[in-house]
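Here is the structure we will look at.
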Amino acid sequence: MNILKYKIGYLIFSLIVLIPGIVSLLVFGLNLSIDFAGGSLVKYSVPKEVVADVISSVYKGNDVVLEGVSKENDTTVVIRTKPLDVHLNSKINDELKKVNKDISQVSFETVGPVVGKETTKNAFVSLFWASLGILLYIAYAFRNIPSPYSSLKFGASAIIAMLHDAFLVLGIFSILGHFAHVEVDALFITAVLTVIGFSVHDTIVVFDRIRENLNKLPKSWQFETIANYSLVETLNRSLATSLTVIFTLLALYILGGSSIKNFVLALLIGIVSGAYSSIFTATPILVLWESKKTRK
Amino acid sequence: MKFLKNIYFRLGLVSALFTLAVLIVLPKIDIKINNSILRLDSAIGGYNINWFGGRIAKDISDFKMGLDIEGGIRIVMQADMSKIQDSEKEKALDSAKEIISRRINYLGVSEPNISTSKINDDYRIVVELPGVTAVSEAVSLIGKTAQLRFKKLDPKLDWTEEKFFEYFQQPSSWVDTGIIGADLKGVDVVVDNSGNIKNQGRPQIQLRFTNEGREKFSSLAKENVGRPIALFLDDSDFPLSTPVISSDLANGVVNDPVISGNFDMQTAKNLSIQLRAGALPIPVTLLQQETLGATLGNDSIHRSFFAGLVGLFIVFIFLVYKYKGLGLLAGLSLIFYTILVLAIFKVIPVVLTLPGIAGFILSVGMATDANILIFERYKEELFWGKKKEEALELGFERAWNSIKDSNMSSLITCFILFQLGTGPVRGFALTLAIGILVSLFSSIFFVRTLIKAFKQS
């Protein structure tokens, strides 16, 4: 089986999948939730016949500028506003009770915008340091590969595949955010970071086999042949592992609670991409990079 | 480490760990048997350990649930450190935290999670109150700046030691002196080396006054030699401490005065933390507050927990289908692994949040990956013509490189997330890291032991 025969094709395919998401990221950005934007998010449980306008008019009566009013399902109304203080919130609640005694507040969140900025900044800082840490670790762990191959290139290829997965998730959520109003919250950051962890984890297993085979297989073999041989050898494991994780996530997505649905979806996309990128992104890049050399 | 090779030792270790973990994880189950043969009234699980007179104490009766699961309030306070010297900032923040937990105890919240964090130059106190819904009450209680007041015994009252308890209970016996927390620079625990044999080496609490504060205290001391003063925190009716002014201070105060008494190190430390909170008052402002409905979380957690179980079950079936007997062992190791991790969560304790549970589930995936790597390698070695036993040995040996490197990179990610992340991200990193470490143990040590045991029998 010659997996790497179409290596340029895989990279072009990755670009085709990535580009719409990245364009969307640049044009629309992400549909940021209250965690990032700052403000208050108030959920009400209402009787079926109550329309969202009933609630928003009470808010307007108190001179609160609304950023969003939506009826999530038959009995839930969600209000988004600029940060709302506790006293005003309880005053509005009292007024709502007068309008209809069955309206009750389910949750009330206020997030200062400072926290929002910080969460985003922390995420990028973490991403940077995690990349650097992983790069250095791979460079160290693979230091014994025969010359002229460079362990830094192994590390760098793994990082490129990781960024591929992270940006795929970010891009898809940007598109979903614009067209399906899917919001990105603090949990989403956790999801992206998990994807990064898994992506590298998966790539290293493939690279580890290339490392082993570089020392074992005949010296006359080209780098590409060895890489391909290693991919085929680890294919069973790659499939089995991805399947177990995907089974678990699918179970969580289908049966799990609604508050983690988007989180699990991000994980699913990222993990499928992570499994794909180890074989079809990281290895082709490494091969293109190293193939011009032969072992001495 | 020869004993590690001994199969009986290994089996023993595995069973002992398993039993211990099960005992820790079990919730409290009452056992009541009452018939003609046997009478038993006991309970198992949900222990609240208290051994050696409290020297070893650990409450492992319940998992600590995060707010997103149990519902409640999260309040983030920003501490204003502008008036605090750099060297005192950490201590002051700890004291502010201590004082907040004292106030929360008055609220009667069963398991508050209170933590401090420092982000750049911002000092914060994060308070999580599971099961509480009265936000404004909580905020006003927590948001108060701690205030320490020095009071003296009403000059009209006579002082004898017998009357101490009566005065102690009667707030009106004490009158203000005008000395407050701001007159102090700091509070420290010091060891008595005054040369007094009786107290030599005992911990004492030293009050470090500002120059102005020392003058005020000096005149207070001169007037009250032999009489008690009382240190009140907040609006509490009872004083924190009621030292009696000793005769050494009759001529005024030159050095920083100390409170000596029958302290051990711990009680001295506790008192100093409380006094310091009043001495270094940090105004706190509300930065963020969230109220999370319990039902919202409850529904979510039950469904997610069930979904997780279903996921595990599917993985179990898949492993048995693909790897037959070995797969069954891997499946068993997953159960062993899950119970071990849950036990560790309970003991540390790790506050369980939804991201935390997600981290745990991901670590299950990684644990399975380790087994799959080993079994695939075993199959390959068989394919290359190795004998069954040798192939299994080689499977463990050669898969180790990949397992080690891939998990190390995940641990590095966890470490960075834990260091730089906030709140839920930290919870995620912690559960993932614990999961990875335990998975390395269970997927290798546990599975290998069972395989060896089967071979021998």
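Based on the Kirkwood radius over alpha-carbon pairs, what value in µm²/s does the Stokes-Einstein equation return for the translational diffusion coefficient of region A:39-110 at 4 °C and 1.567 mPa s? Please list the in-between numbers first.
Numbers: Rh = 11.8 Å.
In µm²/s, the coefficient is 110.
If you take every DSSP beta bridge whose two residues both sit in the protein assembly as shown, what share of them, in percent to the nearest 5, is antiparallel?
Details: 75 of 78 bridges.
Looking only at bridges with both residues in the protein assembly as shown, the antiparallel portion is about 95 percent.
Pairs B:LYS5/B:LYS455; A:LYS7/A:LYS261; B:LYS64/B:LYS91; B:LYS324/B:LYS452: which exceed 23 Å Cα-Cα? Mind dumping the intermediate values first?
Values: B:LYS5/B:LYS455 14 Å; A:LYS7/A:LYS261 34 Å; B:LYS64/B:LYS91 27 Å; B:LYS324/B:LYS452 17 Å.
From the list (B:LYS5/B:LYS455; A:LYS7/A:LYS261; B:LYS64/B:LYS91; B:LYS324/B:LYS452), the Cα-Cα distance tops 23 Å for A:LYS7/A:LYS261; B:LYS64/B:LYS91.
Give the total of Lys-Lys pairs in region A:39-110 with Cα-Cα distances below 14 Å; include a pair only if its members are 8 or more places apart or on different chains.
On the way: A:LYS43/A:LYS71; A:LYS48/A:LYS71; A:LYS48/A:LYS101; A:LYS60/A:LYS82; A:LYS60/A:LYS91.
Count of close lysine pairs: 5.
Could you rank the peptides A:198-204, A:261-267 by their average count of other C-beta atoms within 10 Å per residue, with the highest value first?
Working: A:198-204: 30.3, A:261-267: 22.0.
Averaged packing, sorted descending, gives the order A:198-204, A:261-267.
Using a basic spin-label model with each label point 7 Å from the Cα along Cα→Cβ, how many nm lie between B:GLU390 and B:ASP94?
Label at B:GLU390, label at B:ASP94, 6.1 nm between them.
Among the lysines, which fall within straight-line cross-link reach of B:LYS156, defined as a Cα-Cα distance under 27 Å, with same-chain neighbours fewer than 8 residues apart omitted?
Partners within reach: B:LYS216, B:LYS222.
Peptides B:204-214, B:29-39, A:69-79: what's the order by average Cβ count within 10 Å, highest mean first?
Numbers: B:204-214: 17.7, B:29-39: 8.2, A:69-79: 15.0.
Packing order, densest peptide first, comes out as B:204-214, A:69-79, B:29-39.
Return, for the Cα atoms of region B:344-457, the radius of gyration and Dmax in Å, separated by a comma.
16.6, 52
Under the definition of partner shielding as Cβ atoms of other protein chains within 10 Å of a residue Cβ, what is the mean value for peptide A:192-200?
On the way: counts 0, 11, 11, 1, 4, 14, 7, 1, 6.
That works out to 6 on average.
Based on alpha-carbon centroids, what's the gap between region B:325-375 and region A:1-68 in Å, whole number please?
33
Ranking B:VAL254, A:VAL86 by Cβ neighbours within 10 Å, fewest first, what do you get?
Arranged by neighbour count, lowest to highest, B:VAL254, A:VAL86 become B:VAL254, A:VAL86.
Helix A:151-180 sits at what angle to the longest principal axis of chain A, using alpha carbons and giving 0 to 90 degrees rounded to 10?
Taking the Cα atoms of chain A, the angle to A:151-180 is about 30 degrees.
Starting from the Cα of B:LYS388, draw a straight line to each of the aspartates and glutamates and keep only those under 12 Å, dropping any in the same chain fewer than 8 residues away.
Of all the aspartates and glutamates, those that pass the test against B:LYS388 - Cα under 12 Å, at least 8 places apart if same chain - are B:GLU380.
Going by how many other beta carbons lie within 10 Å of each one, how would you line up A:VAL182, A:VAL195, fewest first? It would help to have the intermediate numbers written out before the result.
Numbers: A:VAL182 20, A:VAL195 26.
With the fewest neighbours first, A:VAL182, A:VAL195 line up as A:VAL182, A:VAL195.
Compute for region B:288-417: radius of gyration divided by Kirkwood radius, i.e. Rg/Rh, restricted to C-alpha atoms, rounded to two decimals. The partial results should precede the final answer.
Values: Rg = 18.2 Å, Rh = 16.9 Å.
Answer for region B:288-417: 1.07.
From Cα pairs below 8 angstrom and at least 6 apart in sequence, can you work out the relative contact order of region A:114-262, rounded to a whole percent?
Working: 77 pairs, mean separation 28.2, N = 149.
After rounding, I find 19 percent.
Expressed as a rounded percentage, what relative contact order does region A:189-272 have, with Cα pairs under 8 Å and six or more residues apart? Before the final figure, lay out each step's value.
Numbers: 42 pairs, mean separation 35.6, N = 84.
That works out to 42 percent.
Expressed in nm², what is the orientationally averaged projection area of the convex hull enclosing the Cα positions of the protein assembly as shown? Working shown, then result.
Values: hull surface 182.6 nm².
About 45.6 nm², averaged over all directions.
Hey, got the average number of other protein chain Cβ atoms within 10 angstrom for residues in B:361-373?
Working: counts 9, 10, 0, 3, 11, 6, 1, 7, 11, 1, 3, 9, 6.
Partner Cβ neighbours, averaged per residue: 6.
Let me have the relative contact order for region A:39-110, percent, based on Cα pairs under 8 Å that are six or more residues apart. Can you show the working numbers first?
Numbers: 116 pairs, mean separation 34.4, N = 72.
Worked out over region A:39-110, it gives 48 percent.
When Cβ neighbours within 10 Å are restricted to other protein chains, what is their mean count per residue of peptide B:302-310? Before the final figure, lay out each step's value.
Details: counts 1, 7, 9, 3, 5, 12, 5, 2, 8.
Mean partner shielding for this stretch: 6.
So which aspartates and glutamates can B:LYS151 reach, going by Cα to Cα under 19 Å and dropping same-chain residues fewer than 8 places off?
B:GLU161, B:GLU166, B:ASP176, B:ASP183, B:GLU212, B:GLU215, B:GLU223, B:ASP234, B:ASP235, B:ASP237, B:ASP256
Starting from the Cα of B:GLU161, move 7 Å in the Cα-to-Cβ direction to define the label point; list residues of region B:215-232 whose amide nitrogen is under 19 Å from there.
Of the residues in region B:215-232, B:225-230 have backbone N under 19 Å from the label point off B:GLU161.
Cut-off is 10 Å between beta-carbons; in what order do B:ARG426, B:ARG303 appear when sorted fewest neighbours first?
By the 10 Å Cβ count, ascending: B:ARG303, B:ARG426.
All of the numbers you see were taken from the coordinates with simple rules; none came from a lab. Since the model is a prediction, treat every value here as computed from it, not as a measurement. Glycine gets a Cβ as well: all are built from the backbone with ideal geometry, and neighbour counts include every protein chain shown.
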